[in-house]
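Report on the following structure.
The numbers here are math on the coordinates, done by the rules we state, and not lab data. Since the structure is predicted, the reported quantities are computational estimates derived from the model, not experimental observations. Every residue, glycine among them, receives a Cβ derived from its backbone with ideal geometry; neighbour counts consider all protein chains shown.
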Amino acid sequence: MRLHISVLIVLAVLLANGGRASAAPIPVVLNFDSNGANSFLNAIDAAADGVGLGAAYFPAGDVAGIKTAIQNELTNVYNGFNIQFTTAPTAGARTETFADPAGNVFGLAPFNWRNAFLPNTSSPANDAAITAQIFSSNFGPSLSTAAGTTVAQNEARLAIGIADTGAHELGHTFGLDHQDDYGDPRITPANYANTLGIQNTHIMASGVSGLGNDRSTPRQFSQLELAKLAQSNNVYVANGFTPNLAPDAGDTHTQLSTAGANASQPLNFKFVQIAGESVVTVTGGTIGTAGIHDVYSFLGGAGSLLTADILAFSAPFEDDVATGKFFNTPANTLLTLWRLNGGNPQVVAFSSDKQYSGNKWLSGVETDADPMILNQPLPVTDTYFLDVQGVSTGNYEMFVSAAVPEASTWLLLGSGLLALAFARRKLAATETG
Ligand SMILES: [Zn+2]
């Protein structure tokens, strides 16, 4: 009998190790010299020439140092994540190229949601099939032409511009999208009308968010970018972390008002240390009948910032095609955040589409058909409902995060399987600041 128990324990350990084996670092091969004639030196010399610095501006002997500076900045930006940057060819690895023949953009990359699947497929993405491209010859605007600027200073500027854009394109291949740069706790409804450029301090910033062509100022991941990366397969594994996924329960939580609270699907959040907030992602969302409401519930603490981002349409090839759809049959949805309010439900926030441009959230030119609620403060501690109304049938997924302000001491979180009382978390105790 004891032997049997031991065997079971060994099996359990083996299974656990089998699961952990996928936590091996994700290699990203930095390919600086693409396709023979397209050398990195030629590309950056073209960039310098394009802004009037001369045809052979960068000494050939400096190239290795510039490449190292780019690799160091990429490593710095992805610090804490399970990514390993290398210049050595690695079988089966995803690649980032820096000297392909230039398009008229800074970079291109496929959008690989949750590091799990590419548009219009449910199959796991093949790393070897994923290539992010940086067009180094277009980074002339990151160089300074001011009198007295040294070559070394411009090499440093160029390395930041190329590396942070490289981090951006790779971000797409791990599931990040352009709106994620607005996911900073300093951007709330109070300053949706003028964000003062906070979004452009973050990696997923783009021309649409108001980032200029001079990319030489270092950027970092926003809180939302960090949280979404942690919800991507194998990207964040600190302390055994795995993505917190909640499969849609189907067309069974469809009440038309939040009064029928027992019909909602409870969401159970999980704290992400590196992002300092708690997350859950609804997967396999389906609207089987037009007009139904998929309703999710959770307990939220007063002052928490709630973000909910639907993915159904989005863009199939980021930084290339501005319109398109992620799922073959994307569900057109409306998203409403309710609070129970003692049985007299109140709407806290509503979104029909994503819209942002420059320093404006909820207005401007960039729109996709998927709704998003961004950093909405929860007014009181209460039961909350995220109501995904299906205007049309189809597929969707929904990322949800709840951030606790520094001054707040706790957040109540709902649980699908445990009694709600067990779901209390004193998150501030685990925050690193
Ligand atoms: Zn992009």
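Structural remarks
- Going from the residue with the fewest nearby Cβ atoms within 10 Å to the one with the most, Ser142, Ser401 rank Ser142, Ser401.
- The protection proxy used here, the mean number of other Cβ atoms lying within 10 Å of each residue, ranks peptides 299-306, 158-165, 47-54 as follows, highest first: 158-165, 299-306, 47-54.
- Report note on the peptides 373-379, 361-367: ranked by the mean count of other C-beta atoms within 10 Å, highest first, their order is 373-379, 361-367.
- From the alpha carbon centroid of region 338-398 to that of region 91-124 is 29 Å.
- Peptides 338-349, 284-295 ranked from most to least packed by the mean count of surrounding Cβ atoms within 10 Å: 284-295, 338-349.
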